[in-house]
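A.B. asks: I have a structure here, written as structure tokens, and I will follow up with some questions on it.
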Amino acid sequence: MSHLTATLEEFEDFVRDRDLKGKTILDIGTSESGHKHFFEKFGLQWEGIDIKPHIKETQITQADMTTYNPEKRYDILFVCHSLEHCERPVDALRNFHKLLKDDGYLFISLPCYCDKHIMDGGDYDHIFVFTDQQLIKLLMFTEFKKVNIFNSTKGGYGNTRQYNMIAIVEKFNQHYTMKEGELYDIAVIPYKLK
């Protein structure tokens, strides 16, 4: 099973009981439009960006995740194994915050830092290896409100049975005023909430 297949299975679990008809999704870091049909089966309107889309790809906008700024905002951002390749992850997360609607979700999949593959040096093109605590701090720093992080148990992929770290993040609503004593709802969850 590939990291993408495992991530798409987790996304399917995430959207299972949600009405997504007419909602928008931006697939960030997709090199090809093959994911489009997967997302459209849930009623989502798909768009994709990549800094270097496949040469024959015509449905993906060539764009940098740190600076992409279309006129519209999205209901869901899907970021699968892309953030670890970004030279400026804080800028990317700040931009993700801008790209989301107030009630939007950020769905991130990263290589699990605890995998032997990652601990032994990982892939040559991974600039960063994020732990769950580092990712939480980055998300809080970039003003996201609710974060659920878990290590996916879907299949495992590659020769060393690697797993994904999944973060499902809600945007902090700018129009919401925190009440005195209220804390950000940040949790690291070792398993998925059902």
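Each row is one residue, and each column tells you yes or no for (1) under 16 Å from Leu135 (Cβ atoms); (2) without any contact (Cβ under 8 Å) to a residue 60 or more places away in the chain; (3) not in a helix (DSSP H, G or I).
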| site | (1), (2), (3) |
| --- | --- |
| Thr7 | yes, no, no |
| Asp13 | no, no, no |
| Asp19 | no, yes, yes |
| Thr30 | no, yes, yes |
| Ile76 | no, yes, yes |
| Gly104 | no, no, yes |
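A.B. asks: Scan the stretch 66-74 and tell me whether some residue there is open to solvent by less than 10 Å² (accessible area, probe 1.4 Å) and either modelled with pLDDT of 90 or more or among the polar types (S, T, N, Q) (or both).
C.D. replies: So in the stretch 66-74, the residues open to solvent by less than 10 Å² (accessible area, probe 1.4 Å) come out as 74.
Pick out the ones that are also either modelled with pLDDT of 90 or more or among the polar types (S, T, N, Q) (or both) and you get 74.
Yes, the stretch 66-74 contains at least one residue that is open to solvent by less than 10 Å² (accessible area, probe 1.4 Å) and either modelled with pLDDT of 90 or more or among the polar types (S, T, N, Q) (or both).
A.B. asks: Please go through the stretch 28-61 and pick out each residue that is within 16 Å of Tyr74 (Cα to Cα), of a type outside the set (S, T, N, Q) and open to solvent by 60 Å² or more (accessible area, probe 1.4 Å).
C.D. replies: Hit for the stretch 28-61 is Glu40, nothing else.
A.B. asks: Would you confirm, using the coordinates I've provided, whether Ile25 is of a type in the set (A, V, I, L, M) and open to solvent by 70 Å² or more (accessible area, probe 1.4 Å)? First the steps, then the outcome.
C.D. replies: On the way: of a type in the set (A, V, I, L, M): yes; open to solvent by 70 Å² or more (accessible area, probe 1.4 Å): no.
So Ile25 fails the test.
A.B. asks: Checking Met65 against (1) more than 13 Å from the chain's Cα centre (by Cα); (2) without any contact (Cβ under 8 Å) to a residue 40 or more places away in the chain, only one condition comes out false. Which one?
C.D. replies: (1)
A.B. asks: Condition first: over 12 Å from the mean Cα position of the chain (by Cα) and either surrounded by fewer than 18 Cβ atoms within 10 Å (Cβ to Cβ) or among the β-branched types (Val, Ile, Thr) (or both). Now tell me which residues in the stretch 76-98 satisfy that.
C.D. replies: The answer is His85, Glu87, Arg88, Val90, Asp91, Arg94, Lys98.
A.B. asks: A further question follows. Which number in (1) open to solvent by less than 30 Å² (accessible area, probe 1.4 Å); (2) at pLDDT 85 or above marks the one condition that Asn164 misses?
C.D. replies: Answer for Asn164: the failing condition is (2).
The values are calculated or read from the model by the stated rules, or taken from the named source; none is laboratory data. These figures come from a predicted structure and were not determined experimentally. Please note: Cβ atoms are built from the backbone with ideal geometry, for glycine as well, and neighbour counts cover all protein chains shown. To get the accessible areas, we keep the full protein, side chains included, count just its heavy atoms, and leave off ligands, DNA and RNA. Shrake-Rupley method; radii C 1.70, N 1.55, O 1.52, S 1.80 Å.
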